[in-house]
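Structure, as structure tokens:
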Amino acid sequence: MSSPEIASLSWGQMKVKGCSTTYKDCKVWPGGSRTWDWRETGTNHSPGVQPADLEEVVKKGVKTVVIGRGMSEALQVPPSTVDYLKKNGIDVLVFQTEKAVEEYNALAAQGVKVGGVFHSTC
């Protein structure tokens, strides 16, 4: 199963190829995607992305996770989150969201089992 391409990104809107939903923030993994609802884990811009935000993506057997920190990089990624991924043998890439989507799509096109979490505003 391949990771779906992120078809479009603009402020506050993301589309994943093969999915009719327009996301504000989203999680993607080989074979699927869904809304990333920060309320599920109590996520805020600071301290930022928590290991709990990534558990679902990790369980999909990804080899790499790409984190999009927002258009202005307001979303933080604490060292504990990076450590969580590395301890699970997963490569992690953290970028401004437009760059993160570019990197994610490039990896997906190469057939890498890549997942991601992307914040499409600030």
To the nearest 20 debye, the chain has a Cα-centred charge dipole, built from +1 on Lys and Arg Cβ and -1 on Asp and Glu Cβ, of 260 debye
Sorting Leu9, Cys26, Trp38 by the position of each Cα along the dipole of the range 1-54 (Lys, Arg +1; Asp, Glu -1; all at Cβ), the one nearest the positive end of that ordering is Leu9
Summing -39500 (n - 2.57) over every DSSP H run of at least 4 residues in the chain and dividing by its residue count gives a helix-only mean residue ellipticity at 222 nm, to the nearest 500 deg cm²/dmol, of -7000 deg cm²/dmol
Expressed as a percent, the portion of alpha-carbon pairs in the chain spaced more than 24 Å apart is 14 percent
With a 1.4 angstrom probe the carbon and sulfur portion of accessible area for the chain, in percent, totals 48 percent
Given a Förster distance of 25 Å, the FRET efficiency implied by the Cβ-Cβ spacing of Ala74 and Met1, rounded to the nearest 0.05, works out to 0.20
Result for the chain: accessible area per residue, probe 1.4 angstrom, in square angstrom, of 48 Å²
For the range 6-118, percent of DSSP beta bridges that are antiparallel (nearest 5) comes out at 55 percent
Output row, site Ala106, 7 Å Cα→C-beta label point, backbone N cut-off 20 Å, window the range 66-83, residues 66-73
With Cα springs under 10 Å, the Gaussian network model of the chain assigns the largest mean-square fluctuation among Pro79, Pro30, Pro51 to Pro79
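The values are calculated or read from the model by the stated rules, or taken from the named source; none is laboratory data. Treat the numbers as computed from the prediction; the structure is a model and nothing was measured. Glycine gets a Cβ as well: all are built from the backbone with ideal geometry, and neighbour counts include every protein chain shown. The accessibility values were calculated without ligands, DNA or RNA, using every heavy atom of the protein model including side chains. Shrake-Rupley method; radii C 1.70, N 1.55, O 1.52, S 1.80 Å.
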